[in-house]
Structures are given as structure tokens and as C-alpha cells.
Amino acid sequence: MSEWIDITQPLYTGMPSWPGDTPFEFGLSAAKAENGVVNIGKFTTTTHIGTHVDAPFHFDDEGKRIADLDIHLYIGRTMLLDVTGNSSVGRTELEQHELKGAERILLKMTGEGSPDKFPEIIPYLRPDIGPFLKEKGVKLIGIDVPSVDPLDSKTLDAHHSLHRNGVMILENIVLQDVEVGEYELVALPLRIVGADGSPVRAVIRKIGG
């Protein structure tokens, strides 16, 4: 059986975060060296740090919160596709790939690993991708960049298009050394009541490998 591949960005103090967001910081609130019993860690962060999923409430006041989402969306068969070399990706680019009926797809858009600084520009998804994915029965899309929309977007057209078409969003996965093909995905969000998103530990395992 194939090994699980970790496609999660590591969380560490000083890691890149959205400009203006709460940066990730980890430290000890209690140390065994001082209390003689245990170390106890604490961290502060944003719900959209590193590898994470968006709940519809992130961009829609009437949208579902993270704890209300169906966990089955984040577990199961997925297709990993290479769409690097495109400044944006939509119906035209995906029509060139065989989705094989997968309900989840992961897009290698940059092929880069965990960045040491927040990018200034990223490849993004065009709004026509939502209807296309609905036609194909896709319920989740994962990307290796911080957002499905341009970083300076105020309208979040791709977010809304995916939401209207029943497609959940997984962002900031790491696909640098992963080959295209069919995989099993596990990327469960934390059950944070009322939250607009959640960091995840995303892993994949090759099917048939």
C-alpha cells in the first residue's frame, strides 16, 4: 500500500501570513523546567494560516460556518492535475484533463513548496471554473497558492462561483514533489464553532501505487 504524503505547510512562528492578518506564533504558557510536571503550548493565529479550508461564511454572511460542513467532503478520492504555466485557470484549461469522475481535484498551479515570504502575485481561478466543476460532479478543489482569487481582489469572484456551484475550497497545499494522478485525500478542518475557516493537516495516498 502506498505511503501517505503530507501536503501541509508547516506552522511556525514567523511564517508568511496574509498582510494585516494575525501572524502565527507558538510558545509555552507553562514549562516543565519550571513547574516540574508538563510543558503546555499556546498559539495565536488566523483561521486562514498555512494549509486551510474556507467555509462559505468567510465571504458570505449567510454561508455555513466551518463546524457545520459535511466532513465527508474532505475525505476521499481525488485527482491531482498539473496546470502550471498558466496565469489563471478556468474551464478551458481543465477541459484538457481527464477528471475520471473524481469528486475532488487538487491543482498544482505553481509547483512550489512552502514559501518563506508571502507572494506578491499568484495564478488564480477564473469564475467559469465553478459551473464546469459542477457539471463534472466535483465537490472540492485544492490549490497550492493562498487564494483561489487574485490577492488584491475585492469581489472574490472565484470564491463566490465555487460556492454557488457547491464546490468547497482548500488552499495553500504543498504539491512541489508530488506527481499527477489519482489519490485518496484526508484534509479535515477543526470543529471550531462559528468559524469562517480552519487550518488542516492535509495528506494524500496514491491509489493503485
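Out of all the residues in the stretch 139-148, is one or more touching a Lys or Arg at 6+ places or on another chain (Cβ under 8 Å), assigned to a loop (DSSP other than H, G, I, E, B) and surrounded by 14 or more Cβ atoms within 10 Å (Cβ to Cβ)?
If we filter the stretch 139-148 for residues that are touching a Lys or Arg at 6+ places or on another chain (Cβ under 8 Å), which is where we start, we get 139-142, 144.
From what's left, assigned to a loop (DSSP other than H, G, I, E, B): 139, 144.
Right, trim to surrounded by 14 or more Cβ atoms within 10 Å (Cβ to Cβ) and you get 139, 144.
Yes: the stretch 139-148 contains one or more residues that are touching a Lys or Arg at 6+ places or on another chain (Cβ under 8 Å), assigned to a loop (DSSP other than H, G, I, E, B) and surrounded by 14 or more Cβ atoms within 10 Å (Cβ to Cβ).
Would you point out the residue of the stretch 149-163, among those that are out of contact with any Phe, Trp or Tyr (no Cβ under 8 Å at 6 or more places or on another chain) and under 23 Å from LYS100 (Cα atoms), that is surrounded by the fewest Cβ atoms within 10 Å (Cβ to Cβ)?
Across the stretch 149-163, the extreme among qualifying residues is SER161.
Please go through the stretch 182-196 and give me each residue that is surrounded by 15 or more Cβ atoms within 10 Å (Cβ to Cβ), small (Gly, Ala, Ser) and more than 14 Å from LEU140 (Cβ to Cβ), ordered by number.
ALA195
Taking GLU112 as the residue in question, decide whether it is surrounded by fewer than 18 Cβ atoms within 10 Å (Cβ to Cβ), among the acidic types (Asp, Glu) and either under 15 Å from the mean Cα position of the chain (by Cα) or assigned to a loop (DSSP other than H, G, I, E, B) (or both).
Working: surrounded by fewer than 18 Cβ atoms within 10 Å (Cβ to Cβ): yes; among the acidic types (Asp, Glu): yes; either under 15 Å from the mean Cα position of the chain (by Cα) or assigned to a loop (DSSP other than H, G, I, E, B) (or both): yes.
Yes: the conditions hold for GLU112.
Of the residues LYS108, LYS117, LYS136, which is in contact with an Asp or Glu (Cβ under 6 Å, 6 or more places away or on another chain), basic (Lys, Arg) and touching a residue at least 12 places away in the same chain (Cβ under 8 Å)? Write out each step before concluding.
Numbers: LYS117 fails: in contact with an Asp or Glu (Cβ under 6 Å, 6 or more places away or on another chain); LYS136 fails: in contact with an Asp or Glu (Cβ under 6 Å, 6 or more places away or on another chain).
Result of the check over LYS108, LYS117, LYS136: LYS108.
I'm told GLY50 meets every condition in (1) more than 14 Å from the chain's Cα centre (by Cα); (2) in a loop (DSSP other than H, G, I, E, B); (3) touching a residue at least 24 places away in the same chain (Cβ under 8 Å); (4) on the phi > 0 side of the Ramachandran plot except one. Can you identify the failing condition by its number?
Status for GLY50: all satisfied but (1).
Return the residue satisfying two criteria in turn: it lies in the stretch 1-47 and is among the aromatic types (Phe, Trp, Tyr) and assigned to a loop (DSSP other than H, G, I, E, B), and of such residues it is surrounded by the fewest Cβ atoms within 10 Å (Cβ to Cβ).
The first filter runs over the stretch 1-47 and keeps only residues among the aromatic types (Phe, Trp, Tyr), leaving 4, 12, 18, 24, 26, 43.
From the residues that got through so far, the ones that are assigned to a loop (DSSP other than H, G, I, E, B) too are 12, 18, 24.
Working: TYR12: 11, TRP18: 14, PHE24: 20.
Here the answer is TYR12.
Considering the stretch 73-109 alone, what residues qualify as being among the aliphatic types (A, V, I, L, M), outside any loop (DSSP other than H, G, I, E, B) and surrounded by fewer than 19 Cβ atoms within 10 Å (Cβ to Cβ)?
Step one: list which residues in the stretch 73-109 are among the aliphatic types (A, V, I, L, M), which gives 73, 75, 79-81, 83, 89, 94, 99, 102, 105-107, 109.
Checking the rest, the ones that are also outside any loop (DSSP other than H, G, I, E, B) come to 73, 75, 79-81, 89, 94, 105-107.
Of everything in the stretch 73-109, just one residue is among the aliphatic types (A, V, I, L, M), outside any loop (DSSP other than H, G, I, E, B) and surrounded by fewer than 19 Cβ atoms within 10 Å (Cβ to Cβ), namely ILE75.
Pairs only if they're at least six apart or on different chains, beta carbon under 9 angstrom, first in the stretch 1-22 and in contact (Cβ under 8 Å) with a residue 12 or more places away in the chain, second among the acidic types (Asp, Glu); list them, first residue then second.
Close Cβ pairs satisfying both conditions: SER2/GLU184; TRP4/GLU184; ILE5/ASP177; ILE7/ASP144; THR13/GLU25; MET15/ASP116; PRO16/ASP116.
Every read-out reported here was derived from the displayed coordinates using simple, explicitly stated rules and does not represent laboratory data. The structure presented is a predicted model; accordingly, all values stated were derived computationally and were not measured. Note that we place each Cβ from the backbone using ideal geometry, even for glycine, and neighbour counts take in every protein chain shown.
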